[in-house]
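The values are calculated or read from the model by the stated rules, or taken from the named source; none is laboratory data. Bear in mind the structure is a predicted one, so any value in this text is a computation, not a measurement. Please note: Cβ atoms are built from the backbone with ideal geometry, for glycine as well, and neighbour counts cover all protein chains shown. The accessibility values were calculated without ligands, DNA or RNA, using every heavy atom of the protein model including side chains. Shrake-Rupley method; radii C 1.70, N 1.55, O 1.52, S 1.80 Å.
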Amino acid sequence: MATLLPEILYECNGQAPAPSKDFYQLIVSRSEVIIRWWKISLRSEFREARPGEFKESHEDFVDDSTLHAQIGIIFGSKTLSHVTNLCCGQYDFLERLPESLILYILTFLDLEDIAQLSQVSHTFQKICNSDKLWEHIVEQSCDRVTPEMRSLAQELGWKQFFFTNKLQLQLQLRRRRKRQESQDKFFD
């Protein structure tokens, strides 16, 4: 499973709390935690300050309470918790699966489960609301999807198409046909 992990496990940028304007970058690779900083100041004593970098192994990071405090102040407690989990080997392999495989797995879930899963993370929210997933759901729930229905679904979005009631869809399809007929007459 470790081969599914990219070299960079996590990366974020942040600015130190006011009044500081210093910029920080946090990177967690497979083997170390890297913090980079850039001093941003109008004071003459900091004008010559060069950017800095600090690297520490995962094992050392877990025991470094000073670095934990600094990351907590700059990036927040959620980021600190996530980085600590990564350094302890607690990876979320499900989110690292290819999107096509996740979509395939989601096709076996009920709509309520998909709704709950969409609240887990930004990644799952994007996938659970994707047109690819909802196209599959529509195709499974309808006897047949006509080209006209497919065109309307692509215009509305497959999820919106799924949740629009049958009468409204029939009305929209009728309007599309009339528009198409009037355009055809215009060009004849």
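For region 1-69, the dipole from Cβ point charges (+1 on Lys and Arg, -1 on Asp and Glu) about the Cα centre works out to 480 debye, to the nearest 20.
Lys/Arg Cβ at +1, Asp/Glu Cβ at -1, dipole of the chain taken about the Cα centre: which of VAL33, LEU169, VAL145 is farthest positive-ward? Of the candidates, LEU169 comes out farthest on the positive side. Using a probe radius of 1.4 angstrom, the carbon and sulfur fraction of the accessible surface of region 71-188 is 51%. Taking GLU139, GLU32 and ordering them by how much accessible surface each has at a 1.4 Å probe, largest first, produces GLU139, GLU32. Take region 53-95 with all the other protein chains still there, run a 1.4 Å probe, and you get 58 Å² of accessible area per residue. Computed across the chain, the Kirkwood hydrodynamic radius from all distinct Cα-Cα pairs reaches 21.2 Å. For a Förster distance of 22 Å, can you work out the FRET efficiency between the beta-carbons of LEU169 and LEU109, rounded to the nearest 0.05? Efficiency, rounded to the nearest 0.05: 0.35.
In the chain, once you exclude exposed trypsin sites (Lys or Arg not before Pro) (DSSP loop, at most 10 other Cβ within 10 angstrom), what's the longest stretch remaining? For trypsin sites (Lys or Arg not before Pro) (loop position, at most 10 other Cβ atoms within 10 Å), the longest site-free span of the chain is 48-143. Placing unit charges on the Cβ atoms only, positive for Lys and Arg and negative for Asp and Glu, gives the chain a dipole magnitude near 1140 debye about its Cα centre.
Taking 7 Å steps out from each Cα toward its Cβ at GLN154 and ARG177 produces label points 2.1 nm apart. 3J(HN,Hα) along region 76-85, derived from phi through the Karplus expression 6.51 cos²θ - 1.76 cosθ + 1.60 where θ = phi - 60°, amounts to x, 6, 5, 5, 4, 4, 5, 5, 4, 4 Hz, with x in place of Gly and Pro.
Taking label positions 7 Å along the Cα-Cβ direction at both ASP92 and ARG43, the computed distance is 3.9 nm, reported to one decimal. A cut-off of 5 Å between modelled amide H atoms, ignoring neighbours fewer than 5 places along the same chain, links SER29 with LEU9, ILE34.
Projecting the Cα atoms of ILE8, GLY72, VAL83 onto the dipole axis of region 1-99, where Lys and Arg carry +1 and Asp and Glu carry -1 at the beta carbon, places GLY72 farthest toward the positive end.
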